Amino acid sequence: EWLAQHAEVDALVCPERGAEAGERLFDICRRVEVVRLPFHSPAVGARVWRNLRRAFRGVPPLVDRFFCSEVGDALERLLVHGPYDLAVCEHFWMAPWVHTIRSHATTIILDQHNREPEFYRAVGGPLAGWFSRCAERWERDLLPEFDQVWAPVTVPTGLPWRDPSVAARDFDIAFSASWDYPPNRDGLIWFFKRVWPEIVACRPGTRLVLIGRHSEAIPAFIQKDRQVTVTGPVVDATAWLERA
């Protein structure tokens with residue numbers, strides 16, 4: 001939104017399976033390439049097999065999903081319209097494309113969102129330590145190739161400015177997250193065990209809304225709380241946040 005107010009913007013996006021790229025994107029961008037990533041089955045056996053192959057090759061999870069021919073072909077279609085003054089890669093998963101982009105952009109930024117080694121340790125599992133070490137190696141090789149790296153601590157991820165809402169405030173507290181991400185789920189469980197009882201004791205009518213996809217990962221004892229609303233996937237999380 002901000003860049004489009006100051007320059008012509010081309011975008012490459014990878015929507016969730018079954019989702020569409022937002023219409024607003026086509027309004028503000030000069031060109032948009034929509035990439036359907038290779039299907040990765042969520043079945044346990046398929047996930048185990050994928051992670052074993054990744055571990056053998058020393059590739060952190062998700063990097064292999066985005067460093068694929070589908071993304072490469074779309075990127076090539078955009079780059080022929082360069083050169084670009086600026087290229088922004090969102091998430092470390094896109095970082096391996098820096099070598100392809102380098103000759104087509106004056107400045108390349110990696111907006112990292114996570115510290116990848118910490119991310120894989122947080123996700124957990126028997127291969128967490130190995131994938132964390134793999135991520136350290138990949139970061140060591142790739143991060144120096146960027147002109148700027150925006151780390152979560154030094155450059156917090158933000159949202160475009162929106163005018164204050166006039167919506168009814170029918171919730172007291174809101175938590176928006178993808179609930180299949182372990183740190184989000186762990187934080188929610190910690191909150192409900194350590195903080196929520198104290199809040200309810202002080203203010204019995206307090207209402208909480210949990211916003212976001214993969215709500216099946218929210219523990220049953222939280223979903224059964226009558227003062228809690230679970231939305232499931234939503235089109236506009238901000239609209240729900242404004243109600244709190």
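The values are calculated or read from the model by the stated rules, or taken from the named source; none is laboratory data. What you are looking at is a predicted structure, and each value in this text was computed from that prediction instead of being measured. Neighbour counts run over all protein chains shown; Cβ positions are idealised from the backbone, glycine included. For accessibility, only protein heavy atoms count, side chains too; no ligands or nucleic acids. Shrake-Rupley method; radii C 1.70, N 1.55, O 1.52, S 1.80 Å.
State all residues of region 85-112 that are of a type in the set (S, T, N, Q) and surrounded by fewer than 18 Cβ atoms within 10 Å (Cβ to Cβ); if no residue qualifies, say none. Within region 85-112, Thr100, Ser103, Thr106, Thr107 meet the criteria.
Just wondering, is there one or more residues in region 48-60 that are at negative phi, open to solvent by less than 50 Å² (accessible area, probe 1.4 Å), modelled with pLDDT under 90 and assigned to a loop (DSSP other than H, G, I, E, B)?
Kept after step one, since they are at negative phi, are these residues of region 48-60: 48-57, 59-60.
Now drop any that are not open to solvent by less than 50 Å² (accessible area, probe 1.4 Å), which leaves 50-51, 54-55, 59-60.
Next, from what is left, pick out any that are modelled with pLDDT under 90: none.
The answer is no; no qualifying residue exists.
Of all residue pairs spaced 6 or more apart or on separate chains, those with beta-carbon atoms under 7 Å, a first member in region 65-94 that is acidic (Asp, Glu) and a second member that is open to solvent by less than 30 Å² (accessible area, probe 1.4 Å) are Glu70/Val35; Glu70/Leu37; Glu90/Asp111. Note on region 61-84: residues that are part of a helix (DSSP H, G or I) and open to solvent by less than 50 Å² (accessible area, probe 1.4 Å) amount to 9. Confirm whether Val166 is in contact with a Leu (Cβ under 8 Å, 6 or more places away or on another chain) and β-branched (Val, Ile, Thr). Against the criterion (in contact with a Leu (Cβ under 8 Å, 6 or more places away or on another chain) and β-branched (Val, Ile, Thr)), Val166 does not qualify.
Is it the case, given these coordinates, that Ser132 is part of a helix (DSSP H, G or I), open to solvent by less than 40 Å² (accessible area, probe 1.4 Å), touching a Lys or Arg at 6+ places or on another chain (Cβ under 7 Å) and closer than 30 Å to Ala55 by Cβ? Criteria met by Ser132.
Residues are listed down the side, and each one gets a yes or a no for (1) touching a helix residue (DSSP H, G or I) at 6+ places or on another chain (Cβ under 6 Å); (2) under 25 Å from Cys89 (Cα atoms):
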| site | (1), (2) |
| --- | --- |
| Trp138 | no, yes |
| Pro144 | no, yes |
| Val149 | yes, yes |
| Thr154 | no, yes |
| Asp172 | no, no |
| Ser178 | no, yes |
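Counting only residues that are aliphatic (A, V, I, L, M), more than 13 Å from the chain's Cα centre (by Cα), surrounded by 10 or more Cβ atoms within 10 Å (Cβ to Cβ) and not in a strand (DSSP E or B), region 144-184 holds 3 of them.
Going by what's in this entry, would Trp240 be described as touching a residue at least 60 places away in the same chain (Cβ under 8 Å) and either under 24 Å from Ala122 (Cα atoms) or not in a loop (DSSP other than H, G, I, E, B) (or both)? If you could, list the steps in order and put the result at the bottom.
Values: touching a residue at least 60 places away in the same chain (Cβ under 8 Å): yes; either under 24 Å from Ala122 (Cα atoms) or not in a loop (DSSP other than H, G, I, E, B) (or both): yes.
So Trp240 passes the test.
Across region 228-237, the qualifying residues are those that are open to solvent by less than 70 Å² (accessible area, probe 1.4 Å) and free of Cβ contacts under 8 Å to residues at least 24 places away in the same chain, and the one among them that is farthest from the chain's Cα centre (by Cα) is Val228.
Quick one: in region 113-126, of everything that is on the phi < 0 side of the Ramachandran plot and open to solvent by 50 Å² or more (accessible area, probe 1.4 Å), which residue is modelled with the lowest pLDDT? If you could, list the steps in order and put the result at the bottom.
Going through region 113-126, the residues on the phi < 0 side of the Ramachandran plot turn out to be 114-123, 126.
Narrowing further to those that are open to solvent by 50 Å² or more (accessible area, probe 1.4 Å): 115, 118, 121, 123, 126.
Numbers: Arg115: 85, Glu118: 88, Arg121: 87, Val123: 80, Pro126: 91.
By that ranking, first place goes to Val123.
Evaluated against (1) within 21 Å of the chain's Cα centre (by Cα); (2) surrounded by fewer than 18 Cβ atoms within 10 Å (Cβ to Cβ); (3) part of a loop (DSSP other than H, G, I, E, B), Ala7 falls short on exactly one condition, (1). For Trp130, the stated conditions hold: it is over 27 Å from Thr154 (Cβ atoms), in contact (Cβ under 8 Å) with a residue 24 or more places away in the chain and not polar (S, T, N, Q). Scanning region 188-227 for residues that are of a type in the set (D, E, K, R) and loosely packed, with under 12 Cβ neighbours inside 10 Å turns up Lys193, Arg194, Glu198, Arg203, Glu216, Lys224, Arg226.
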